[in-house]
Amino acid sequence: MTLRELDRLDPPVTDPSGPGSPDHPMRKVTLQAAFEPDGWTAERRVKVAALFDSLAEEWHTRGGGARHAPLLDALERGDVAESGRCLELGSGVGLTTALLAEHFEVVHALDLSMEMLRRSPDEPGPRVLGDSSRLPYPDGAAAAIVCQNMLLFPAEVDRVLAAEGALVWVNTSGEHTPIHLTAAEVERALPGPWDVVASSAGRGTWAVARRIT
C-alpha cells in the first residue's frame, strides 16, 4: 500500500464548520462500519436512517461554495477520470450531485434516508434508496465511488468499484466532521493493496484511492 500527502493549495480555514470530535457518537459508528465485520447491524441501520430523516428538512442549509472545495480538489489533483458511472453514496439532499454530474457521464445518488431523497432534485441522475453496505449494483459497476461525509463499507467499495476505478473520500470539515476517517484509516480499511493520494482544501480533507494491480 502507498499513501502520498499532497501540499494544500489554498490557505487553511481554521474555524471549523462541523460539530464532530473523537467522542462524537457518529465517529464510533464510522470506525465500526469500516473496521468491524459486524459493526453495521440492522438496528443501527434503522437508527441512522431515522436520524437523517429527522435532519432532512434543514440539510440544504449545509451547502455553499466553501463546502465544495475539498471535493473539487480531489477530482482535479486526485486525477479522477471524467468518464463512466459515479455512485454518490450518502448523497443527502443532492448538494453536490449536480457538481458531480459535470464531471462524470452519469451519477447515481444513493442514500439511506427517504426524507433526504424526497428533497433531492429529480435531475441530473437517478436517485436510489439503499444501504451502502449492500449496494444494488453488480461487481465492477462503478468507475468512481464518492463518499462525502459518509460511512465507509470497504467490502462493498471493493466489490462494486471497477478494476481501474477510484474511491473519492471527502470530509468537508476535516477532523471536525462527525463521520470522519483519516486517509491512513481509509487505506487501512480497504482490502488488498491500494494507492492513496490525499490533501486538504478549504475546511476539508480528501483522499482518492485506487487499487494497485
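The values are calculated or read from the model by the stated rules, or taken from the named source; none is laboratory data. Every value quoted in this text rests on a predicted model; they were computed, and no experiment measured them. With ideal geometry, Cβ positions are generated from the backbone for all residues, glycine too; neighbour counts draw on all protein chains shown. Accessible surface is based on the protein model in full, side chains and every heavy atom, while ligands, DNA and RNA are left aside. Shrake-Rupley method; radii C 1.70, N 1.55, O 1.52, S 1.80 Å.
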Task: Hey, V168 crowded, with 20+ Cβ neighbours inside 10 Å, assigned to a helix (DSSP H, G or I), among the β-branched types (V, I, T) and under 16 Å from the mean Cα position of the chain (by Cα) or not - done: no
Open item on the list: Just to check your reading of the model, which residue among L55, L71, L51 is within 23 Å of S133 (Cβ to Cβ), assigned to a helix (DSSP H, G or I) and in contact with a strand residue (DSSP E or B) (Cβ under 9 Å, 6 or more places away or on another chain)?
Closed with: L71
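Among the hydrophobic types (A, V, I, L, M, F, W, C) and within 14 Å of the chain's Cα centre (by Cα): is that true of V107 in this structure? Steps first, answer last, please.
On the way: among the hydrophobic types (A, V, I, L, M, F, W, C): yes; within 14 Å of the chain's Cα centre (by Cα): yes.
Here the answer is yes, as V107 does meet what is asked.
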Task: Residues satisfying the stated conditions in the range 1-24, i.e. modelled with pLDDT of 75 or more and open to solvent by 60 Å² or more (accessible area, probe 1.4 Å) - done: L3, R4, E5, D7, R8, L9
TODO: Please enumerate the residues belonging to the range 30-43 that are surrounded by fewer than 14 Cβ atoms within 10 Å (Cβ to Cβ) and within 20 Å of V157 (Cα to Cα).
DONE: E36, P37, D38, T41, A42
Task: Failed item in (1) free of Cβ contacts under 8 Å to residues at least 40 places away in the same chain; (2) buried (at least 18 other Cβ atoms within 10 Å of the Cβ), with R27 passing the rest - done: (1)
Open item on the list: So, in the range 60-82, how many residues would count as being under 24 Å from D195 (Cβ atoms) and open to solvent by less than 50 Å² (accessible area, probe 1.4 Å)?
Closed with: 8
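Have a look at D79, D38 and point out the one that is in contact (Cβ under 8 Å) with a residue 60 or more places away in the chain, of a type in the set (D, E) and outside any helix (DSSP H, G or I).
Unique residue meeting the criteria: D79.
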TODO: Look through the range 181-211, keep the residues that are in a loop (DSSP other than H, G, I, E, B) and at pLDDT 95 or above, and return whichever of them is surrounded by the most Cβ atoms within 10 Å (Cβ to Cβ).
DONE: L181
Open item on the list: Filter the range 54-70 down to the residues that are farther than 13 Å from S91 by Cα and either of a type outside the set (K, R) or at pLDDT 95 or above (or both) and list them by number.
Closed with: S54, L55, E57, E58, T61, G64, G65, A66, H68, A69, P70
Task: Options L181, L135; residue that is over 21 Å from A98 (Cα atoms) and without any contact (Cβ under 8 Å) to a residue 60 or more places away in the chain - done: L135
Task: A49, sole failed condition from (1) small (G, A, S); (2) surrounded by fewer than 19 Cβ atoms within 10 Å (Cβ to Cβ); (3) within 14 Å of L167 (Cα to Cα) - done: (3)
